[in-house]
Every structure is written in structure tokens, then in C-alpha cells.
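The values are calculated or read from the model by the stated rules, or taken from the named source; none is laboratory data. Predicted model, so just to flag it, every value in this text is computed and none were measured. Using ideal geometry, Cβ is built from the backbone for each residue, glycine included, and neighbour counts are taken over all protein chains shown.
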Amino acid sequence: MDLPGKWLLETVYPDLAVMLRVQRVLYSGKTAYQNVEVLESDLFGRSLVLDGKTQSTERDEHIYHEALVHPAMLMHPDPQAVFIGGGGEGATLREVLAHRSVRHATMLDLDPEVVALCRQHLPKHHQGSFDDPRLELLHEDARGYLANCRQKFDVMVLDLVDPLEGGPAYMLYTQEFYRLAQAKLNPGGILVTQSGPAGLVGHEECFTIIHRTLASVFRHTTSCQAHVPAFQTLWGFNLASDAPLPRLTPAQVDQLTTQRIARTLRFYDGESHTNMFALPKFLRQGLHATGRTSRDADPVFSF
């Protein structure tokens with residue numbers, strides 16, 4: 001089959017790949033840590049692709065980033081100090097800083113070249129958030145930083161690349177890492193991590209294992225999902241805390257959003273919150289059936 005033009009071929013599962021027609025390549029190269037592409041298409045606008053995996057697109061990144069950030073932030077009564085792991089596009093930072101209560105955000109992204117490329121090529125993602133005076137931006141290994149820092153946090157948002165074997169982040173999904181993160185949370189603190197595909201075909205890849213691993217460390221855990229079109233499936237998120245995680249009603253979410261978030265959101269509201277936490281039966285069964293935890297000696301890997 002002859003398809004004119006440039007195409008991104010992305011493997012979604014070992015037996016499934018998707019193709020996206022690329023109108024323009026803004027950047028293609030390799031940093032010290034990963035292969036990086038910034039592409040532009042008619043369908044999704046500008047996209048960040050790391051090691052062949054789409055990380056976010058202008059068209060639908062707001063779904064992923066609002067779903068990742070706001071449930072955890074609103075479940076906390078007064079998040080002032082926030083830790084962000086990864087998130088080089090600056091969109092997670094954008095959502096965190098939208099909360100009026102936030103006084104300081106510490107963002108660690110290991111790869112300074114990716115952050116610089118995103119600042120240059122993805123302005124609709126970060127929307128100037130890198131220039132906010134509340135930000136402390138560091139390019140360090142998250143495990144080393146957390147092991148040595150004295151600061152503690154109210155919310156920790158882990159917007160990490162998937163745990164690819166040999167990739168830069170797979171050791172940030174283990175029991176040992178979550179214990180390290182737990183020690184850096186203030187009383188009542190909440191951790192949320194992106195957790196990979198949560199659809200029927202791929203939820204056992206890492207989503208259920210990450211939940212099981214968090215549950216082996218924290219007293220309380222909960223899971224949610226949202227459909228992200230560029231990812232071709234439902235996408236999973238896991239939240240954890242040693243304090244009970246409140247079950248917010250739609251009315252409570254809408255009220256808190258109005259009171260605490262300084263701008264209008266595009267995806268997340270009370271009804272969306274209810275949908276995110278109403279897991280389909282196969283996910284509930286998968287979470288119950290999973291017995292494996294991710295450990296340094298036996299870490300979880302995604303496809």
C-alpha cells in the first residue's frame with residue numbers, strides 16, 4: 001500500500017501499530033537519555049514523542065493532564081507544596097500552578113534537553129508556566145533527590161514516561177521508590193502517578209501492577225481512568241495516601257474547582273470525576289486479581 005507523505009508508525013501493543021500522517025517535523029534527535037521527536041499533524045497538532053511513544057499532543061493533552069493533577073489536588077484540603085516528577089512539556093506544571101493554594105512547586109525532569117525543546121516548540125502545553133516564580137526546576141534523578149532532600153510535600157504528581165526496559169524511569173515505579181516518596185509526604189499527603197494503559201487489552205501491562213505496588217506501601221489507594229484519543233485507549237492513574245482519600249461528589253468537585261482553581265478547565269468537572277472513578281468491570285476484576293508488585297529486583301515494564 002502506497003501512502004504519500006511522512007508517517008509516524010507507533011507500536012501500541014506487540015501485535016498492533018497505528019500510523020499518523022506527519023505534516024512537519026519540528027525536531028528529531030537524541031538526548032543523553034532518549035530519542036526525541038516533536039511532530040506536527042493536522043489531527044493532533046504538535047506532539048511530543050519519546051522513544052517512539054507519543055507522550056502528549058496539543059489536541060488532547062488537556063484530558064491527560066487535568067485527569068492526572070486535579071483529583072489528587074482537590075482531595076487534599078490545602079496543597080501548598082507540590083512535587084512534580086517528569087512532565088517536561090510543562091503541562092502538568094501548568095495544572096498544578098492553576099491551584100491558588102500552591103506556594104511552591106518543585107519539578108524534577110531528568111532530561112534538560114527535552115524541557116528546553118518543549119519550552120521552544122510546545123508553548124500551548126506550558127503556557128508560560130516555566131516562568132512562574134513559584135517553580136523550582138531541577139534536572140536530577142528523582143530517587144537521589146528524594147533520598148537527600150529535607151523538604152516534604154502535600155501532593156506528589158508523577159508524570160513519568162512509561163516504565164520501558166532500559167528507559168529513564170522504570171525504577172520510579174517500584175516498591176522501594178514509593179517508600180522513598182511516602183517518607184517525603186506531609187501528614188495527609190497524596191501521591192498520584194500516571195499508570196499506563198487501562199483498556200481491556202492493556203490494563204495488565206502495568207496499570208494493575210502499579211496499583212498493587214502502591215497498595216503494598218500506602219494505607220489507602222484508589223484508581224481512575226480517562227480516554228485519551230492519542231493513546232488509542234483508556235489511560236490509568238493511581239492515587240495513594242496514608243490518610244483516607246475522600247470520595248468527592250460531583251457537587252463537591254464543582255464547588256472546589258470554582259473556589260481553588262484560577263481558570264476554566266476543559267475536561268475535568270464533577271461529572272467527569274464520577275466517570276473517571278467508575279471503573280469498568282474488567283478493571284475492577286483486574287485490580288482484585290493482580291498479585292504481582294514491582295520491586296527493584298523485579299521491576300514492571302510496559303510494552
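Values computed for the structure shown
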{"item": "Residue match in region 85-92 (condition: assigned to a helix (DSSP H, G or I) and either without any contact (Cβ under 8 Å) to a residue 24 or more places away in the chain or buried (at least 16 other Cβ atoms within 10 Å of the Cβ) (or both))", "result": "yes"}
{"item": "Selection count where residues are within 25 Å of T213 (Cα to Cα) and buried (at least 18 other Cβ atoms within 10 Å of the Cβ), scope region 225-267", "result": "15"}
{"item": "Strands (runs of 3 or more DSSP E) (entirely within region 113-212) containing at least 2 residues that are under 23 Å from D298 (Cα atoms), at pLDDT 95 or above and of a type outside the set (F, W, Y)", "result": "153-159, 185-197"}
{"item": "Selection from region 11-29 of residues that are at pLDDT below 95 and outside any strand (DSSP E or B)", "result": "P14, D15"}
{"item": "Considering residues of region 214-225 that are touching a strand residue (DSSP E or B) at 6+ places or on another chain (Cβ under 8 Å) and in contact (Cβ under 8 Å) with a residue 40 or more places away in the chain only, the residue nearest to A169 (Cα to Cα)", "result": "V217"}
{"item": "Residue in region 38-45 that is β-branched (V, I, T) and assigned by TED's automatic domain parsing to the domain that holds Q194 present", "result": "no"}
{"item": "Of residues in region 93-112 being over 18 Å from the mean Cα position of the chain (by Cα) and in a loop (DSSP other than H, G, I, E, B), the one farthest from A262 (Cα to Cα)", "result": "R103"}
{"item": "Residues that are without any contact (Cβ under 8 Å) to a residue 60 or more places away in the chain and either small (G, A, S) or closer than 21 Å to H76 by Cβ (or both), drawn from region 226-240", "result": "G236, N238"}
{"item": "Exclusive hit being in contact (Cβ under 8 Å) with a residue 60 or more places away in the chain, among the aliphatic types (A, V, I, L, M) and out of contact with any helix residue (DSSP H, G or I) (no Cβ under 7 Å at 6 or more places or on another chain), set A169, A198, A183", "result": "A169"}
{"item": "Condition check for E40: over 18 Å from P197 (Cβ atoms) and at pLDDT 95 or above", "result": "yes"}
{"item": "Number of positions in region 187-197 that are surrounded by 22 or more Cβ atoms within 10 Å (Cβ to Cβ) and either more than 20 Å from L248 (Cβ to Cβ) or not aliphatic (A, V, I, L, M) (or both)", "result": "6"}
{"item": "Residue pairs meeting the criteria (Cβ under 6 Å; at least 6 apart or on separate chains; first in contact (Cβ under 8 Å) with a residue 40 or more places away in the chain, in region 58-79; second surrounded by fewer than 21 Cβ atoms within 10 Å (Cβ to Cβ) and in a helix (DSSP H, G or I))", "result": "E58/K124; D60/P229; L74/L256"}
{"item": "Any hit, region 30-53, residues being surrounded by fewer than 19 Cβ atoms within 10 Å (Cβ to Cβ), touching a residue at least 40 places away in the same chain (Cβ under 8 Å) and part of a strand (DSSP E or B)", "result": "yes"}
{"item": "Where A297 falls short, out of the listed (1) over 21 Å from G86 (Cβ atoms); (2) in the same structural domain as L93 (by TED's automatic domain parsing); (3) surrounded by fewer than 22 Cβ atoms within 10 Å (Cβ to Cβ); (4) not acidic (D, E)", "result": "(2)"}
